[in-house]
Structures are given as structure tokens and as C-alpha cells.
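Heads up: the structure comes next, in C-alpha cells.
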Amino acid sequence: MREIIRAAEEFQRAFPAARVRRDEPMRLHTSFRIGGPVTAMVLPESEEELTALCAIARRCGVRPLIIGNGTNLLVDDRPLELLVIQTTGLDTISVKGTAVSAGCGTLLSRLASEAQHLGLTGLEFAHGIPGSVGGAVSMNAGAYGGEIKDVAASVRTVTPDGEIRVFSGAENGFAYRRSRYTGTDDVILGAEFELTPGDPDAIRARMDELAARRREKQPLNLPSAGSTFKRPQNGYAAAMIEAAGLKGKGFGGACVSEKHAGFVVNRGGATFDDVLRTMEMVQEAVWQANGVMLEPEVRIIRRDREQQNI
């Protein structure tokens with residue numbers, strides 16, 4: 001803990017106006033509304049601050065947890081000895097022709113709306129994804145037949161040593177819900193997306209269509225982290241979960257959504273253990289019925305970071 005506090009204090013001295021919080025509850029920063037207090041949270045507002053913070057953490061022997069909008073996280077609700085860097089302040093957007101660049105903290109919904117206003121197509125699928133650019137690139141987020149890999153032209157990162165690097169095309173290592181950045185200590189600073197000219201009204205109509213489908217099929221009224229499990233090689237997780245009769249089943253304040261079996265939701269007062277036990281129940285039932293072990297899509301942050309599911 002001393003190293004975390006030292007890193008936060010050193011950063012605060014270098015950037016006196018920066019936002020640094022102690023004992024910040026993670027439940028305020030995750031879509032599950034679950035998560036205990038962390039030792040320190042820093043909210044940088046520029047690439048300069050973020051790069052300097054990474055270098056300071058490295059010197060202090062601290063491995064920070066980088067988060068965006070917190071929409072794909074299940075966080076332990078006990079106190080965590082963590083330095084959390086939330087990147088939502090890095091939300092700039094710039095446009096050059098059909099290339100749109102966005103900072104890592106930019107919400108995908110805002111980026112897609114900006115592209116629509118400009119008459120650029122390619123990001124319609126991303127409009128309803130609640131995350132930010134950094135997390136979306138890291139996990140190659142996708143929906144309704146579109147994925148980040150389809151439009152990402154280049155990605156800017158900073159290494160723990162402070163080296164800025166740019167990766168293009170196949171160098172990004174995009175695969176299903178993975179990229180070269182998944183599970184590494186490299187921090188995504190931003191990305192450039194190559195889009196295609198289109199009719200703004202047609203783009204808006206497609207976005208509205210997908211939004212209506214989400215409202216119809218997904219439990220958007222309850223806290224969750226989106227799709228809880230990755231798609232298995234054969235079949236669909238939601239179909240297997242529903243076939244196992246698990247809709248509405250769970251522990252404590254957590255359950256499998258009645259509306260969409262692919263979502264574990266917080267129906268009120270759910271704890272970290274409630275969600276974890278519900279996920280384990282689902283995995284066991286699907287394994288017994290289908291011989292398929294579902295892999296979590298949600299990122300699990302445990303009190304013991306050595307046991308994290310990254």
C-alpha cells in the first residue's frame with residue numbers, strides 16, 4: 001500500500017491540479033454497481049498526465065489497474081490495495097477526411113454519433129456498446145456483426161517504461177474478444193478508425209434499429225456488465241443457459257436475466273460473491289448439459305490480483 005500512496009503523491013506533486021482520490025469506492029465506477037474501495041484512483045485528463053503516471057507507477061513498483069467506463073468489470077467488494085487509473089478524461093475526437101481519431105476514454109456511443117453527424121459509416125454497431133475506446137480496442141468489442149477490428153486503422157499505446165508506440169493493421173492482433181493488448185501492461189492512449197462515406201439519415205436509421213433491438217432483447221434496466229460469457233466455439237452461451245432452465249436463477253441479489261440468459265444482472269444489492277456464485281452455477285450447469293465450459297467475458301478483479309481473470 002505504501003508504494004501506491006507514494007506513486008499517487010508523487011504524481012500529485014507533478015500535476016497539482018490533477019484529480020487524485022483516496023479510498024474511492026469502485027461501485028461508483030462499474031456498471032455492475034459493485035466494488036470496494038481502492039487505495040488510490042487517479043483520473044488523468046491528458047496523454048501527458050497518463051504517460052507520466054504510468055512512468056511514476058513503474059518507478060514505485062506499482063502495477064496499476066487501467067479502466068475506462070467500467071462496463072466490463074466485476075470487482076471484489078472488499079478493500080483493494082490498488083492504484084486505479086480511470087481514463088474517461090481522455091475523450092478527444094479529431095477528424096481528417098474519413099479517418100476519425102479518438103482518445104482512449106471516449107465513449108463508443110459518442111464516437112458513433114460523431115461519425116453519423118459527419119456522414120461516415122462503419123461504427124453503427126458500436127453505438128449501443130456502453131464502453132470506451134480503450135477497453136473496446138483491448139477486447140475487440142463487437143455487436144450485431146461488427147467488431148472494432150473492422151474499422152481500427154491504428155492504435156497508440158504507451159509502455160510501462162513510457163515509450164509511445166503505434167500499431168497498425170495486423171500488428172494489433174485482433175481476434176474474438178482479444179487483441180495484442182489483452183492482459184498486458186501496455187496502456188492504450190487512443191485509436192484511429194478508418195470509416196466510409198455514407199448517408200447520415202441512413203446511418204441514423206441503422207443506429208436506431210440496433211438500439212430498438214437492444215431495448216427489446218437486453219435487460220438494460222438492471223446493472224450488469226453486458227454479455228457475461230464469451231461465445232463458445234459451437235453454439236451460443238445464452239441459448240445453452242436458457243435451455244438449462246437458469247433464467248431467473250441465482251444467488252443473493254444476482255441472477256441470470258429473465259429477459260436475456262446471456263446476462264447476469266444485479267437485481268438489487270448484489271455482492272461480488274453473489275455474482276461469482278451465479279456465474280459458477282451457470283458454468284457448471286452448461287458443462288453438465290453440453291460438455292462446454294463457458295469462459296467469462298466480464299473481467300474479474302479479485303482482492304488478490306494474482307487471481308484475476310484477465
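The values are calculated or read from the model by the stated rules, or taken from the named source; none is laboratory data. A quick note: this is a predicted structure, and the numbers were derived from the prediction, not measured. Methodologically, a virtual Cβ is constructed for each residue, glycine included, from the backbone with ideal geometry; neighbour enumeration extends over all protein chains shown. What goes into the accessible areas is simple: the full protein's heavy atoms, side chains included, and nothing from ligands, DNA or RNA. Shrake-Rupley method; radii C 1.70, N 1.55, O 1.52, S 1.80 Å.
Details
- For residue 227: the one exception among (1) over 19 Å from residue 297 (Cα atoms); (2) touching a helix residue (DSSP H, G or I) at 6+ places or on another chain (Cβ under 8 Å); (3) small (Gly, Ala, Ser); (4) open to solvent by 30 Å² or more (accessible area, probe 1.4 Å): (1)
- Selection status of residue 231, out of contact with any strand residue (DSSP E or B) (no Cβ under 7 Å at 6 or more places or on another chain) and basic (Lys, Arg): yes
- Counting residues in the stretch 124-133 that are within 29 Å of residue 39 (Cβ to Cβ), under 15 Å from the mean Cα position of the chain (by Cα), part of a helix (DSSP H, G or I) and touching a residue at least 24 places away in the same chain (Cβ under 8 Å) gives one or more.
- Among (1) in contact (Cβ under 8 Å) with a residue 40 or more places away in the chain; (2) in contact with a Pro (Cβ under 8 Å, 6 or more places away or on another chain), the one test that residue 299 misses: (2)
Residue-wise test of (1) assigned to a loop (DSSP other than H, G, I, E, B); (2) modelled with pLDDT under 95.
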| site | (1), (2) |
| --- | --- |
| 167 | no, no |
| 185 | yes, yes |
| 201 | no, no |
| 206 | no, no |
| 214 | no, yes |
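- Candidates in the stretch 124-135 are the residues that are buried (at least 23 other Cβ atoms within 10 Å of the Cβ) and of a type in the set (A, V, I, L, M, F, W, C); of these, the one that is modelled with the lowest pLDDT is 129.
- Test for residue 93: is it touching a strand residue (DSSP E or B) at 6+ places or on another chain (Cβ under 9 Å) and either under 14 Å from residue 29 (Cβ atoms) or of a type in the set (Lys, Arg) (or both): no
- Those residues of the stretch 153-165 which are under 26 Å from residue 60 (Cα atoms) and among the β-branched types (Val, Ile, Thr), in sequence order: 157, 158, 159, 164
- Taking every residue in the stretch 196-219 that is touching a residue at least 12 places away in the same chain (Cβ under 8 Å) and more than 21 Å from residue 97 (Cβ to Cβ) and pairing it with any residue that is open to solvent by 50 Å² or more (accessible area, probe 1.4 Å) and among the basic types (Lys, Arg), at least 6 positions away or on another chain, the pairs with Cβ-Cβ distances below 9 Å are 217/259; 218/259; 219/259.
- Some residue of the stretch 232-240 being polar (S, T, N, Q) and touching a residue at least 40 places away in the same chain (Cβ under 8 Å): yes
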